[in-house]
Amino acid sequence: MADKPSTEDILKKIRQQAAGGGESADEAPASESSEAAAAEETAAPAKPAAKAAPKGTSDILASIRGGGGTAKPAAKEDAPAEKPKPAAAPKGTASILASIRSKGGNAGDSGADTAAPKAPAPKKAAAAVPAGDLPPVSEMLQKMKAGKGTAASATVAPAKPQLKIPTKPEKKAAEPETRRNFLLALVATPFALAWTLLGLFSGVWVLAIARFMFPNVLVELPSRFPVGPPSDYPPESVSTKYTAARGIWIVRTSQYNGKDLIYALSSVCTHLGCTPSWLEGEQKFKCPCHGSGFYKNGMNFEGPAPRPLERVGLRIAADGSLEVDKSVKFQEEKGQWEDSKSFVDAALV
Ligand code: FES
């Protein structure tokens, strides 16, 4: 950076050159006074240019844009090979400064009459890019701000690489939708629907066959069951405690043959098998189907019932309680009520 001439140095050098050019212009006509008068006429207008040396930056730039002043054509005639001019006039401030720096560098290199140190070589970037091809500074800044810089701006500020964030959630959200569409398409197809119905019917048939392999089992209660001690049944009483569950009445009466007996009557009507009801107020069994009536001891007395109710087996168990045995039945018309297994004598218990 120390070797690079600043703008002020360049401008100072330009002023010095402009002042020196005037003097050289003065010297040139002096040395060549013997030549044509036309040369004096061309050198003469160079004096005012040397006397009116530019003092401001704007004046210098204007003079450079305008072709470097009127003194240059005279010097060009004297020494055209020493100061080559650029092919195209610079347009932007940056290009003008670059061209000035390049000129200052060349002047430093060729400045044999000055004792100034050797001028450093201009920067590679400035030398590589022609001054005439550069756009204006404002345009370059605008392009750099917009991120669309040229190759020269790209070398100044390289673009940072941007990281790409993978979009996994979008893929995961798309997978279930695809699977759902596939299943809908599979179910909606007539071929798939037919196979589904066939599978359902096959399943039903398999279940029916499996059920057929297992027979129906009717779980029946045991025919023998206890009904409590004899003391639970007072004289001339009818117990309906086991009627609903076991289909019997426990009766204690002496109306049959004058003996205080306890026996179990079946609750099946001898007409067509209906279940009569015990009417405590009327002291009779009444069949709701056809009106048959039975006394407390089981003898039929009204209705279509052809015979008395049947008795079931009854005995005193080992624990002293009464035990009913429905596996045996006793019919009065057959003289079976005389069997001791059909009753329990209450006087003996
Ligand atoms: Fe009882 Fe007919 S079934 S009267």
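Computed from the coordinates by the stated procedures, all read-outs in this text should not be read as laboratory data. Keep in mind that this is a model prediction, so the values were computed, not measured. FYI the Cβ positions are ideal-geometry reconstructions off the backbone, even for glycines, and counts take in every protein chain you see.
For a 28 Å ceiling on Cα separation, which of these pairs sit above it: Lys13/Lys145; Lys13/Lys143; Lys296/Lys326? Don't jump to the answer; show the numbers that get you there.
On the way: Lys13/Lys145 34 Å; Lys13/Lys143 33 Å; Lys296/Lys326 20 Å.
In this structure, Lys13/Lys145; Lys13/Lys143 exceed 28 Å between Cα atoms.
Sorted by mean Cβ packing within 10 Å, highest first, what order do the peptides 319-330, 298-309 take?
Listed from highest to lowest mean packing, they are 298-309, 319-330.
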Practice prompt. Please find the FRET efficiency linking Leu348 to Ala244, where r is the Cβ-Cβ separation and R0 is fixed at 41 Å, and quote it to the nearest 0.05.
Written response: 0.85
Worksheet item: Suppose R0 equals 51 Å; then what is the FRET efficiency for Ser138 and Ala19 from their Cβ-Cβ distance, rounded to the nearest 0.05?
Response: 0.95
Worksheet item: Can you give the extra length, in nm with one decimal, that the chain gains between Glu302 and Gln162 once fully stretched, where that is 0.36 nm per residue apart less the Cα-Cα distance?
Response: 39.3 nm
Response to the item:
Here, Gln283 and Ala318, labelled 7 Å along Cα→Cβ, have an inter-label distance in nm of 4.0
